[in-house]
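Asks: One structure coming up, written as structure tokens, with questions to follow.
The values are calculated or read from the model by the stated rules, or taken from the named source; none is laboratory data. All figures in this text were calculated on a predicted structure; none of them were measured in a lab. Positions of Cβ are generated from backbone atoms using ideal geometry, with glycine treated the same way; all protein chains shown enter the neighbour counts. All accessible areas refer to the heavy atoms of the entire protein, side chains included, with ligands and DNA or RNA removed. Shrake-Rupley method; radii C 1.70, N 1.55, O 1.52, S 1.80 Å.
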Amino acid sequence: MRLLVVGTGGVGSAFAGIAARRSFFDHCALADYDPARPAAVAAALDDGRFSAHPIDASSREAVLGLIRETKADAVLNAVDPVFNPQLFDACLDARVTYLDMAMTLSEPHPERPYELTGVKLGDYQFERAPAWEDAGVLALVGIGIEPGAADVFARHAADDLFSEIDEIGVRDGANLVVEGYDFAPTFSIWTTIEECLNPPVVWERDRGWFTTEPFSEPEVFDFPEGIGPVECVNVEHEEVLLVPRWVDCRRVTFKYGLGDEFIEVLRTLHKLGLDRKEPLRVKGVEVAPRDVVAAALPDPATLGERMTGKTCAGTLVTGLGLDGQPRRTYLCHVVDNEWSMREYGSQAVVWQTALNPAVALELLASGTWSGTGVLGPEAFPARPYLDLLAAYGSPHGVVELAP
């Protein structure tokens, strides 16, 4: 397999470090708008299978040209999801496998944003699924940690642990601390603003997809591995749009442990209009306020040395077990930042995200996973994925909770 990775920020560079230890690919082209970044990653790996290339991810033609130049069989999208349509469409043009870790962006309902969905996450991609099926190629969307591994956990629960599922609720929390910064998000602030300030989506069998107010339905969830209780709130996320397509259940939610301070910062950005994507003219220069916020904050990929603590991504499943008795199970993946920095030189959040497309690509390369069209991780058998995740030295955990 020949790979093309578009984007060598925190996640793209972490993916390269993980993949370098595996043998499922013959060549991996690393591409970025800033050519110095992939060049630095390739040089640090000192592995002849990697090469560095410049690319403008906003140009479908440029992406298509690099796919052809590198003779890629599969493209991993590791840039902000604003560029998803260009990469997604270029891969269809080239008839190559496409993977991303976040789906195409949503647009709130113009009149009732906190009740009804407008354009949902991934709508652009799923509307084009017939063209991918006709072309006989695969777009595997949402294959990071969340979405991604969390969706595989949902598939595993449905296939192997439960006879009937009431709710699948993804719960994400951490006790990470970044020394020396009053405010330093551990993931892309651009993406974080998009997820947290958009109307959260909930799915119910009898109602379909609907929206609520940001930060709604707070609950305290006790995370494992010493992280402890964290207040979690509804956030827009892909799992709610993916899971119901393949997993039989009554309700799907996503809640993120943000903390009061983080929520207040996001609310302040919104009040000031600094979360806007639309450019403003400032002293003769067009600039998007959100891009200014991102530029003013530290690059999450550089925070590892200052971070301590653990991050946990997981799927809380409630329903009836195989014995017909009530069951409440949390399937999760935990990463200690000290470990990921020592073993890979990547901070925990970006390493945890980057791990999962590597596992998926290895399953695709071996033919263990296969398919055509636009598919989420739930469309594939979970057991091979979980076995390979453990082989990467990163096993998942299953925590049984009181029903």
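Asks: List the trypsin sites (Lys or Arg not before Pro) in the stretch 247-280 that DSSP assigns to loop (not H, G, I, E or B) and whose Cβ has at most 14 other Cβ atoms within 10 Å. Which are they? Working shown, then result.
Replies: Details: sites: ARG250, ARG251, LYS255, ARG267, LYS271, ARG276, LYS277; in loops: ARG250, ARG276, LYS277.
Qualifying residues, ordered by number: LYS277.
Asks: Please give the length that would be gained between GLU179 and VAL220 if that part of the chain were fully extended, namely 0.36 nm times their separation in residues minus their C-alpha to C-alpha distance (nm, one decimal).
Replies: Taking 0.36 nm per residue and subtracting the Cα distance, the gain is 12.2 nm.
Asks: Roughly what % of DSSP beta bridges within the chain run antiparallel, to the nearest 5? Walk me through the numbers before you get to the answer.
Replies: Values: 46 of 76 bridges.
Roughly 60 percent of the beta bridges in the chain run antiparallel, per DSSP.
Asks: Can you compute the helix-only [θ] at 222 nm over the chain? Use -39500 (n - 2.57) per DSSP H run of at least 4 residues, normalise by all residues, nearest 500 deg cm²/dmol.
Replies: Values: 14 runs with 137 residues, N = 403.
Computed mean residue ellipticity for the chain: -10000 deg cm²/dmol.
Asks: In the stretch 208-329, what percent of the accessible surface is made up of carbon and sulfur (1.4 Å probe, ligands and nucleic acids excluded)? Let's see the in-between values first.
Replies: Numbers: 3110 of 5940 Å².
Carbon and sulfur atoms account for 52 percent of the accessible area of the stretch 208-329.
Asks: Which order do PHE262, PHE153 take by accessible area at a 1.4 Å probe, largest first?
Replies: Working: PHE262 45, PHE153 0 Å².
Final ranking, largest accessible area leading: PHE262, PHE153.
Asks: May I pose another question? Write out the GluC sites (Glu not before Pro) in the stretch 176-221 meeting two conditions: DSSP loop, and at most 14 other Cβ atoms within 10 Å of their Cβ. Could you put the intermediate results ahead of the total?
Replies: Working: sites: GLU179, GLU194, GLU195, GLU204, GLU219; in loops: GLU179.
The qualifying sites are GLU179.
Asks: For GLU286 and GLU338, calculate 0.36 nm times their separation in residues minus their Cα-Cα distance, and state this gained length in nm to one decimal.
Replies: Numbers: separation 52, 0.36 × 52 = 18.72 nm, distance 4.06 nm.
So the extension gain works out to 14.7 nm.
Asks: Using a simple spin-label model with points 7 Å from Cα along the Cα→Cβ vector, what separation in nm is obtained for ASP47 and ASP134?
Replies: Output for this residue pair reads 3.9 nm.
Asks: Kindly report the accessible area of the chain per residue (heavy atoms of protein chains, probe 1.4 Å, no ligands, DNA or RNA), in Å².
Replies: Numbers: 16350 Å² over 403 residues.
Dividing the accessible area of the chain by its residue count gives 41 Å².
Asks: Of the options LEU272, CYS232, ALA301, report the single residue whose Cα projects farthest towards the positive end of the charge dipole of the stretch 196-340 (beta-carbon charges: Lys, Arg +1; Asp, Glu -1).
Replies: Final value for the positive-end residue is LEU272.
Asks: Here is a further query. Measure up LYS120/LYS277; LYS120/LYS255; LYS255/LYS277; LYS277/LYS310 against 29 Å on the Cα-Cα distance and list the ones that go over. Could the numbers behind the result be given before it?
Replies: On the way: LYS120/LYS277 17 Å; LYS120/LYS255 17 Å; LYS255/LYS277 24 Å; LYS277/LYS310 31 Å.
Checking Cα-Cα distances, LYS277/LYS310 exceed 29 Å.
Asks: Expressed in nm to one decimal, what extension gain is obtained for the pair MET1 and ALA390 from 0.36 nm per residue of sequence separation less their Cα-Cα distance? Don't skip to the end; give the middle numbers.
Replies: Details: separation 389, 0.36 × 389 = 140.04 nm, distance 2.21 nm.
Separation in residues times 0.36 nm, less the Cα-Cα distance, equals 137.8 nm.
Asks: Place +1 on the Cβ of every Lys and Arg and -1 on the Cβ of every Asp and Glu in the chain, take the dipole about the Cα centre, and give the residue among ALA358, ILE168, PHE24 whose Cα lies farthest towards its positive end.
Replies: Of the options given, the answer is PHE24.
Asks: Another question, if that's okay. Keeping all protein chains in place and using 1.4 angstrom, which order do ARG171, ARG245 fall into by accessible surface area, from largest down? Before the final figure, lay out each step's value.
Replies: Values: ARG171 10, ARG245 90 Å².
Heavy-atom accessible area, descending, gives ARG245, ARG171.
Asks: Counting alpha carbon pairs within less than 8 Å and at least 6 residues apart, what relative contact order, in whole percent, applies to the stretch 1-145? Please list the in-between numbers first.
Replies: Details: 266 pairs, mean separation 31.0, N = 145.
That works out to 21 percent.
Asks: Now for a separate question. Would you mind calculating the relative contact order of the chain from Cα pairs under 8 angstrom and at least 6 residues apart, reporting the percent as a whole number? Could you put the intermediate results ahead of the total?
Replies: On the way: 880 pairs, mean separation 80.3, N = 403.
Computed value for the chain: 20 percent relative contact order.
Asks: Rank TYR33, TYR256, TYR114 by accessible area, highest first, at a 1.4 Å probe radius? Write down the numbers at each step before the final one.
Replies: Values: TYR33 175, TYR256 55, TYR114 90 Å².
Greatest to least solvent exposure: TYR33, TYR114, TYR256.
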